[in-house]
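Below is one structure, written out as C-alpha cells; the observations come after it.
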Number of protein chains: 2
Amino acid sequence: MTFAMGKEKTLSEEYFVSANEANAQRELAAHILVSNIIDTATAHANALHIGNPDMEETGGGWVLSRLTIEMERWPKVNESYRLTTWIESYNRRFSERAFRVEDCRGETIGYARTVWMVIDTATHRSLGLSHLPLAEEYIDGSRAPIERQARQAPIFAAGEECPAAALTATADTRGYTFRYCDIDFYRHVNTVRYIVLLLNQFTLEQMDSSRLRRLELSFMQEAVYGMTVDIMRHDHEDGGGATFTLCPQGDHAHPLLFARLFMRQCETT
Amino acid sequence: MTFAMGKEKTLSEEYFVSANEANAQRELAAHILVSNIIDTATAHANALHIGNPDMEETGGGWVLSRLTIEMERWPKVNESYRLTTWIESYNRRFSERAFRVEDCRGETIGYARTVWMVIDTATHRSLGLSHLPLAEEYIDGSRAPIERQARQAPIFAAGEECPAAALTATADTRGYTFRYCDIDFYRHVNTVRYIVLLLNQFTLEQMDSSRLRRLELSFMQEAVYGMTVDIMRHDHEDGGGATFTLCPQGDHAHPLLFARLFMRQCETT
C-alpha cells in the first residue's frame, strides 16, 4: 500500500474489506484490523523519520507494549474504511499513538490506542526514545475518547495458591505452543498472532451471537519460538466477554500477556 | 489500501514490508504475500465489475481453486514491493490470473498464478462464469513464466492400504482442528490460514537455513469450522521441501487439499 510521506501530524489510509479479510460474520476480521493499525503506525513513524528504517545504525525497533481497541460497529465485507493515526503523547520510554476508524460515509465507528517502546533488536532491552528526533511539532496531542486500560489482574486455576486481587479461572487451562508463523522480525511472537490465539478461544456460535466491543492487550514479557503457554481464562459474570492471561507453562505467577475482550450481544446474526 | 478503479487489463499495487509483516528471517512472510495476492486479484475483479460486489444479486463469490507461487528472492523488511495482476485466460468454469512481484528497483523477483471459480455463497455449488461480463478486452493473455502444477498424488501413512501412484508418508500424521479465525466470509477455511498451517509444519531452524522457492496449493473440498484434519507429509528425497495432503481425520482417500513446498538451501541466514 502507498502512504503519503510528508511530515504531517496525522496519516490516513483507506482499506477495503475483501472476502479474504472478512470473518465468518462477514465483517472485518479483528486480527486484520490490528495488523492494519500496526502498519499504519509504522508508515506514520517512517514518514516522520522516527521509524525502524531510520534506526538501522542504532539497531532499534519499535515494539508494542499495549493495545486498546473500541469498536461501535465493524466494517462489513466489500466496505471501505479509513484509519487515521496521530501521536497522543510521548515520554522518555513510551509513545502513545491514537487511531480513528471511519466507515465509507466518514462516520467514526471506532478508536484505538497503542503504547510503543523502542528496543535494541539484538539484546531486546529498552533503548528509550531520547535518541529519536521526536519533535514536539509531530505531536497532535488530541486524545482518543476511549478509556485507558485499568490494572490487569493475573488469573490462577481453581485450587492454585493465588495472591489477593488475582482472579480465579472459570475454564480449564489450555495449552498452546508457538510455531514458525507466530514469530516475526523480532524473533518473538507477533501481536497479530496473539489476537488470533485469543479469538480462537471463542466458538463460532459465540461469535455469531456477539461482537467484539473492546479489546485490551498488555505485554509483560516476550514469548519465543517453541515456548508452550498456559491460557488462563476468566469469563465475565455478565456473559459479556472474558479476561485472559498467558503464562509460561506451569508458571502462573509470571504472565507474558494480559488481555480483556468485552463482547456485546447482537440481535441479528 | 486504495486501488485504481479503471477498467485496465492490469492492476498494480505497492506494498511495504513492515516488521509486523516480516518473518523471523526478516523477509516478507509468505502468508502475507498470499493475502496481498488475493486482495490484489479482488481489487482488479472489482475494478472490472466482475467482482463479488457486482454479484450480490446472483449470490456469487470468487473462490480459489489453485495457487502457484515461485519466488527468486523475497522482499526484505523495510523494502517496498509491487504486485501486478492480469487475467491469463478463462473458460466456462475457471479463470486463470497471473501476478508479477517486483522489488523496489523494478526487478522481477517472482510470479504467481491463481485459478478461480465462482460459487453460490449459500449452496457452495459452482455457478460457472457465463453470467459474468467477462469480456475479451479484459484479458491480457500473457503467460506468467512458471510451470503449471503437475498432477498431485495423495499421501498414505506407512502400513495403510494405498493405491498405485500414491506417496507414502515419511513423517507421523499430525492433527489440526480448525477454529474461529481459520474461517472467512464463505464460512470455510481461508487460503491464508492453510498457508500458515503448512508453514508451521517446518521448524524455525529449517526456515533459517532455506527459503521457500515454489508453493503449490490445490483445493479439492472445503474444510469447515470444527473439522479435524490429518496432515500427511512426504519429505522430498533431495531435502528440498515436502508434499502434503490434508484429509478429514481418518479418511485418507478423500483429501481436502494437496500442497507442495519446494525449498532452496541458502548460504547466509
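We did not get these values from a lab; they are worked out from the coordinates using the rules stated. Being a predicted model, the structure only gives us computed values, none of them experimental. FYI the Cβ positions are ideal-geometry reconstructions off the backbone, even for glycines, and counts take in every protein chain you see.
Roughly how many debye, to the nearest 20, is the charge dipole of the stretch A:155-265 about its Cα centre, given +1 on each Lys and Arg Cβ, -1 on each Asp and Glu Cβ, and no other charges? Before the final figure, lay out the partial values.
Details: 10 positive and 14 negative charges, 89 e Å.
In total the dipole reaches around 420 debye.
Convert each backbone phi in the stretch A:6-20 into a coupling constant with the Karplus relation 6.51 cos²θ - 1.76 cosθ + 1.60 (shift: θ = phi - 60°), then list the ³J(HN,Hα) values in order as whole Hz, x for Gly and Pro.
Per-residue couplings from phi come out as x, 7, 8, 6, 10, 10, 10, 9, 9, 10, 10, 8, 6, 4, 5 Hz.
If R0 is 35 Å, what FRET efficiency do you get for residue A:137 and residue A:224 from their C-beta distance, rounded to 0.05? Display every interim value, and only then the final one.
Details: r = 38 Å, r/R0 = 1.10.
That gives a FRET efficiency of 0.35.
Divide, for chain A, the radius of gyration over alpha carbons by 2.2 N^0.38 Å, where N is the residue count.
Computed over Cα atoms of chain A, the ratio equals 1.01.
In peptide A:35-41, what is the residue-averaged number of other protein chain Cβ atoms found within 10 Å of each Cβ?
Working: counts 5, 2, 1, 4, 8, 1, 2.
Mean number of neighbouring Cβ atoms from other chains: 3.
Counting other Cβ atoms within 10 Å, keep those with at most 12, restrict to DSSP loop, and tell me which GluC sites (Glu not before Pro) in the stretch B:96-137 are left. Don't skip to the end; give the middle numbers.
Details: sites: B:96, B:102, B:107, B:136, B:137; in loops: B:107.
Taking the stretch B:96-137 and a limit of 12 other Cβ atoms within 10 Å, the loop GluC sites (Glu not before Pro) found are B:107.
For residue A:76, place a label point 7 Å from Cα along the Cα-to-Cβ direction in every copy; what are the distances to the other copies, in nm, shortest first?
4.6
Find the eigenvalues of the gyration tensor of the Cα atoms of the stretch B:117-269, then list the square roots of 5 times those eigenvalues as equivalent ellipsoid semi-axes, largest first, in whole angstrom.
Values: eigenvalues 159, 98, 55 Å².
So the three semi-axes of the stretch B:117-269 are 28, 22, 17 Å.
Anyone know which of B:170, B:85, B:245 comes out most mobile in the 10 Å Cα GNM of chain B?
Among B:170, B:85, B:245, the largest mean-square fluctuation in the Gaussian network model of chain B belongs to B:170.
Would you mind computing Rg(Cα) / (2.2 N^0.38 Å) for the stretch A:10-138, counting N as its residues?
This ratio for the stretch A:10-138 stands at 1.12.
log10 I(q)/I(0), Debye, Cα-only the stretch A:64-142, no solvent, q = 0.11, 0.12, 0.19 Å⁻¹?
Log10 I(q)/I(0), no solvent term: -0.38, -0.45, -0.84.
Using 0.36 nm times the number of residues separating residue A:80 and residue A:108, minus their current alpha carbon distance, what extension gain do you get? If you can, show how the numbers build up before the last one.
On the way: separation 28, 0.36 × 28 = 10.08 nm, distance 1.28 nm.
Computed gain between residue A:80 and residue A:108 is 8.8 nm.
Setting aside same-chain residues fewer than 8 positions from residue B:7, which lysines have a Cα under 30 Å from its Cα?
The qualifying lysines are A:76.
Output the relative contact order of chain A, whole-number percent, from Cα pairs under 8 angstrom with separation of 6+ residues.
Numbers: 560 pairs, mean separation 46.5, N = 269.
For chain A, the relative contact order is 17 percent.
Amide H neighbours of residue B:11 under 5 Å, counting only residues 5+ apart in sequence or on other chains, H built in-plane at 1.01 Å?
Correct list: B:85.
Ignoring everything except DSSP H segments at least 4 long, calculate the 222 nm mean residue ellipticity for the protein assembly as shown; use -39,500 (n - 2.57) per segment, divide by total residues, nearest 500. Display every interim value, and only then the final one.
Numbers: 6 runs with 66 residues, N = 538.
When only DSSP H runs of four or more count, the value is -3500 deg cm²/dmol.
Defining the label point at 7 Å along Cα→Cβ, can you sort the distances from residue B:203 to the same site in each other copy, shortest first, in nm?
3.8
Using the crude model of +1 on Lys and Arg Cβ and -1 on Asp and Glu Cβ, and no other charge, please compute the dipole size for the stretch B:10-138 relative to its Cα centre, in debye to 20. Present the calculation step by step, with values, prior to reporting the outcome.
Values: 12 positive and 19 negative charges, 79 e Å.
Here the stretch B:10-138 has a charge dipole of around 380 debye.
Relative to the compact-globule scaling 2.2 N^0.38 Å, provide the ratio for the alpha-carbon radius of gyration of the stretch B:167-255. Write out the running numbers ahead of the final one.
Numbers: Rg = 13.4 Å, N = 89, 2.2 N^0.38 = 12.1 Å.
That works out to 1.11 for the stretch B:167-255.
Rounded to whole Hz and in sequence order, give me ³J(HN,Hα) for the stretch B:26-33 from the Karplus expression 6.51 cos²θ - 1.76 cosθ + 1.60, θ = phi - 60°, writing x for Gly and Pro.
Running phi through 6.51 cos²θ - 1.76 cosθ + 1.60 with θ = phi - 60° gives 6, 10, 3, 5, 4, 6, 6, 4 Hz.
Taking the beta-carbon count within 10 Å as an exposure proxy, list A:162, A:104 from fewest neighbours to most. Before the final figure, lay out the partial values.
Details: A:162 18, A:104 15.
Listed from fewest to most nearby Cβ atoms, that is A:104, A:162.
Over the Cα atoms of the protein assembly as shown, what radius of gyration and what Dmax do you get, in Å?
Spelled out, the Cα radius of gyration and Dmax of the protein assembly as shown are 23.1, 71 Å.
Would you mind computing, in nm to one decimal, how far apart the modelled labels at residue A:171 and residue A:124 are, each placed 7 Å from Cα along Cα→Cβ?
2.7 nm
Could you state the number of Å between the C-alpha centres of the stretch A:51-106 and the stretch B:10-61?
21 Å
Modelled label-to-label distance, residue B:266 and residue B:238, 7 Å Cα→beta-carbon offset: nm?
1.9 nm
In nm to one decimal, list the spacings between the residue B:175 label point and its equivalents in the other copies, with label points set 7 Å along Cα to Cβ, shortest first.
Once sorted, the set of distances for residue B:175 reads 1.4 nm.
Which of B:121, B:10 comes first, and how do the rest follow, when ranked by fewest Cβ neighbours within 10 Å? Show your work: numbers first, answer last.
On the way: B:121 20, B:10 14.
Fewest-to-most ranking of B:121, B:10: B:10, B:121.
Under 10 Å, Cα contacts only: if you run a Gaussian network model on chain A, which one of A:227, A:117, A:71 comes out with the highest mean-square fluctuation?
Per the Cα network of chain A with a 10 Å cutoff, A:227 tops the list.
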